[in-house]
Structures are given as structure tokens and as C-alpha cells.
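Here the structure comes first, spelled out in C-alpha cells, and everything after it is commentary.
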Amino acid sequence: LASIILVSVLGGAELERYLLPVLPLFYIAVALALTATPKWLSITVIGTLLAGLIVSLFWNPPYPFPFENNFAMVHFVRLQQTAAEFAERNFANRAIATAWPYTSALANPDYGFVDHKLNVVETNDFHPDSIQKLAPERFDVLIVYTRTWAPANGVIAIPEVRRFLAHFYEWQPDISPGQCADLGLHEAMSWRAGGQEITIYVRQAVRASQTVHL
């Protein structure tokens, strides 16, 4: 409750990891509650909670969630590693536009994604307006990746939800391949895994467009 009030008043990211300090108290409360219930009920509850924990590691909900909450983070990192290797091999001397946190991964070899620092231009997000505001002479390559979980049949696909998010949170869909083409950016390579995707667009394609499923 305190976390909800704090985020509501001050704003900021609502990440489950911020609740870690209170988890010991929660577990103590659950343990005490289970001691006061019949044994069969305690076993059922513990089994259900354990099953839910295991399923949640692999199952992605139909609504946006932080990738760090389950194994979706593995797909997130591996896709970025693969794209970083391709970018370093083919665009080492070209300016690459992308959004945080991938900018740090490409600009700092200490993160382990690249062997040498790449020339990176940071954009706030992948909204069409944000990309259009970047001067064309500032970058030659654009790397777009899944930052928000929004499956085709998920909650964000509902028109009413989209209108609500657009009105109150300035939500926009990410730039599309067609909109990139209008800016002179053409798809050179794309990788997909676990419902996520990362795509590299270039002003002058270095190879035929490909999509790879990892």
C-alpha cells in the first residue's frame, strides 16, 4: 500500500522488485496464516502457490509487464546480443539510433554486448514522432526492439484501452516498417524470439532483408 501511494504521488516506474523489502513480512504472514488452517488446506495452498510460481516463469500475461519478472528477460537479452554482434560487424563506423537501455549496451563494451564502442544516438522511444525529430544526418542505422509487451491479442490491442492510454499517458505504437521506409530507412535484418523482436533499419541496406527466429 505504501509503495502504491508513493508511486501515485511522486510517479516513477512501478516495478515489482521495489516490493522486495516487504516480502519477508508477507511470507511470515502467510506462514502464520497456514498454521491456523487445516493441514489439507495448507498443502493445497502451498502446492498452488508453487505451481503458480513455476508457470509464471514461462507464461507471459496478455498485458504489459516488466520483462525482468520472468524468462522473457532471457529472450530480451539474447536478441540484443545477436543484434549487437551484427551491428558491430556491419556498422562499426556508422551512427546508430536506438533507445535506452540498448544505447548503453552498444556504447559501453563493459556490458559485454560489443567488443568496441559504437557510435550511438539516443532516442527517447520508438514512437514515430520521436524518430522523425532526429535529423537524418545524425544517424544511418535505426535499431528498434520490443520495449513493451503488447501481444497481438493482448489488452493493448483493445481499441478502448489504446484510446485511454493515448489520452492519459500519451501512448503511441512503435514506428512501423512503412513509416521507416518513408524516412528512407529500410529493413536489413530482424530477429524474433518469445514474442519479442529486434529489427535493424539502414538508409542503404547492406544485405537483403531477413527475419531470424531464435
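Taken together, the values in this text are just the output of simple stated rules run on the coordinates, not laboratory data. Everything quoted here is computed from the prediction, not taken from an experiment. Cβ: placed from backbone, ideal geometry, glycine included. Neighbour counts: every protein chain shown.
For segment 28-95, the fraction of C-alpha pairs more than 20 angstrom apart is 58%. By the Kirkwood approach, averaging reciprocal distances over each pair of separate Cα atoms, segment 77-155 gets a hydrodynamic radius of 13.2 Å. Whole-Hz Karplus values for segment 164-177 come out as 4, 5, 5, 6, 9, 10, 6, 6, 9, x, 5, 4, 9, x Hz, taken residue by residue from phi with 6.51 cos²θ - 1.76 cosθ + 1.60 and θ = phi - 60°; glycine and proline positions read x. Extending 7 Å from Cα along the Cβ direction at V55 and again at L183 yields two label points whose distance is 4.1 nm. Residues whose amide H falls under 5 Å from that of V121, counting only those 5 or more places apart or on a different chain, are I96, A97, T98, with hydrogens built in the peptide plane. Note on F26 and E122: with the Förster distance fixed at 30 Å, the Cβ-Cβ geometry gives a FRET efficiency of about 0.20. Ellipsoid semi-axes for the chain, based on the Cα gyration tensor and the rule √(5λ), read 39, 20, 17 Å when sorted largest first. Under 5 Å between amide hydrogens, built in the peptide plane, is the criterion, and for A188 it picks out I200, Y201, V202 among residues at least 5 positions away or on other chains.
Between A33 and R203, the modelled labels are 5.9 nm apart [label points 7 Å from Cα along Cα→Cβ].
Taking 7 Å steps out from each Cα toward its Cβ at E170 and E16 produces label points 2.9 nm apart. Note on the chain: helix-only mean residue ellipticity at 222 nm, from DSSP H runs of 4+ residues weighted -39500 (n - 2.57) and normalised by residue number, equals -13000 deg cm²/dmol. Using θ = phi - 60° in the Karplus curve 6.51 cos²θ - 1.76 cosθ + 1.60, the 3J(HN,Hα) couplings for segment 112-128 round to x, 8, 10, 8, 9, 4, 9, 7, 10, 10, 8, 10, 4, 6, 10, 5, x Hz; x is entered for Gly and Pro. Annotation for segment 29-85 versus segment 116-134: alpha-carbon center distance of 33 Å. Looking at the chain alone, DSSP beta bridges between its own residues are antiparallel in about 55 percent of cases.
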